[in-house]
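> One structure follows; several queries about it will come next.
The values are calculated or read from the model by the stated rules, or taken from the named source; none is laboratory data. The structure displayed is predicted, hence computed values, not measured ones. Positions of Cβ are generated from backbone atoms using ideal geometry, with glycine treated the same way; all protein chains shown enter the neighbour counts. For accessibility, only protein heavy atoms count, side chains too; no ligands or nucleic acids. Shrake-Rupley method; radii C 1.70, N 1.55, O 1.52, S 1.80 Å.
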Amino acid sequence: ITYAKGAWVYHMLRQLLGDDVFFPMVQEFLTTHAYGTAETADMLSSFTQYLAAHDIEPAVPLTTFFDQWVYKRGHPLYTLEAILGAQSDSVAITVILSQTQSTQPVFVTPIDIDFVGADQQHATRTFLNTERVQTETFKLPFVPILAKVNPEEKILAVTEQAVVTDV
């Protein structure tokens, strides 16, 4: 992970900001520092200035993002419990997402949960994970049988998928 983490940081930053923000922001940084030197602090400063100039506020502040992904070690280890709730014209499902790593406090990051139904229906829900153990409830148009954390590997993490249980 140590050697691949640099590429992961760019990948996660791109996922956090979206292509329309990420690529022009990086291009501006590269143009500004062309034929010179730059350190990580210069990159953070440049990116922060770019976002402020374009009135963009990411879900996770860049200082938090760089602190947890660049300056500290480790990555989240996620476990998931998914519990089926009340059913009417939609299905309520409660997920309990836990970060079980011991390397540092909680990684604050948007996280995707993909729900899969018996007939291969899919629904993805995203929320900002800010707690070591976090509970969220979602409404779905079908009864899920499986829930997957970080299904498209948008963040560097070790994950477990969960079989949906009935209350």
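> Can you find a residue in segment 18-28 that is part of a loop (DSSP other than H, G, I, E, B) and touching a strand residue (DSSP E or B) at 6+ places or on another chain (Cβ under 9 Å)? Quick ask: steps written out before the conclusion?
The initial filter retains those residues of segment 18-28 that are part of a loop (DSSP other than H, G, I, E, B), namely 18.
From what's left, touching a strand residue (DSSP E or B) at 6+ places or on another chain (Cβ under 9 Å): none.
Scanning segment 18-28, I find no residue that is part of a loop (DSSP other than H, G, I, E, B) and touching a strand residue (DSSP E or B) at 6+ places or on another chain (Cβ under 9 Å), so the answer is no.
> Next up: Count, please, the residues in segment 74-98 that happen to be in a strand (DSSP E or B) and either in contact with a Phe, Trp or Tyr (Cβ under 6 Å, 6 or more places away or on another chain) or touching a residue at least 40 places away in the same chain (Cβ under 8 Å) (or both).
16
> Could you check ASP119 against (1) on the phi < 0 side of the Ramachandran plot; (2) touching a strand residue (DSSP E or B) at 6+ places or on another chain (Cβ under 8 Å) and say which number it fails?
Unmet for ASP119, out of (1) on the phi < 0 side of the Ramachandran plot; (2) touching a strand residue (DSSP E or B) at 6+ places or on another chain (Cβ under 8 Å): (2).
> Say we look at segment 126-141 and pick out the residues that are over 22 Å from THR64 (Cβ atoms) and buried (at least 16 other Cβ atoms within 10 Å of the Cβ); which of these is nearest to the chain's Cα centre (by Cα)?
The selected residue is PHE138.
> Is segment 135-149 home to any residue that is within 24 Å of LEU17 (Cβ to Cβ) and either modelled with pLDDT under 90 or among the polar types (S, T, N, Q) (or both)? Steps first, please.
Going through segment 135-149, the residues within 24 Å of LEU17 (Cβ to Cβ) turn out to be 136, 148-149.
From the residues that got through so far, the ones that are either modelled with pLDDT under 90 or among the polar types (S, T, N, Q) (or both) too are none.
The answer is no, given that none of the residues of segment 135-149 is within 24 Å of LEU17 (Cβ to Cβ) and either modelled with pLDDT under 90 or among the polar types (S, T, N, Q) (or both).
> Looking at segment 7-28, which of the residues that are over 21 Å from ASN150 (Cβ atoms) and touching a Phe, Trp or Tyr at 6+ places or on another chain (Cβ under 7 Å) is least open to solvent (accessible area, probe 1.4 Å)?
From segment 7-28, those over 21 Å from ASN150 (Cβ atoms) are 20-21, 23-28; that's our starting set.
Adding the requirement that they be touching a Phe, Trp or Tyr at 6+ places or on another chain (Cβ under 7 Å) leaves 25, 28.
Numbers: MET25: 1, GLU28: 84 Å².
The selected residue is MET25.
> From the list THR103, THR31, THR109, exactly one residue is on the phi < 0 side of the Ramachandran plot, open to solvent by 40 Å² or more (accessible area, probe 1.4 Å), among the hydroxyl-bearing types (Ser, Thr, Tyr) and touching a residue at least 24 places away in the same chain (Cβ under 8 Å). Which is it?
Numbers: THR31 fails: touching a residue at least 24 places away in the same chain (Cβ under 8 Å); THR109 fails: open to solvent by 40 Å² or more (accessible area, probe 1.4 Å).
Exactly one residue qualifies, and that residue is THR103.
> Given the options GLY74, GLY85, name the one that is open to solvent by less than 40 Å² (accessible area, probe 1.4 Å), out of contact with any helix residue (DSSP H, G or I) (no Cβ under 8 Å at 6 or more places or on another chain), within 19 Å of GLU153 (Cα to Cα) and modelled with pLDDT under 95.
Details: GLY85 fails: within 19 Å of GLU153 (Cα to Cα).
None of the other options fit; the residue is GLY74.
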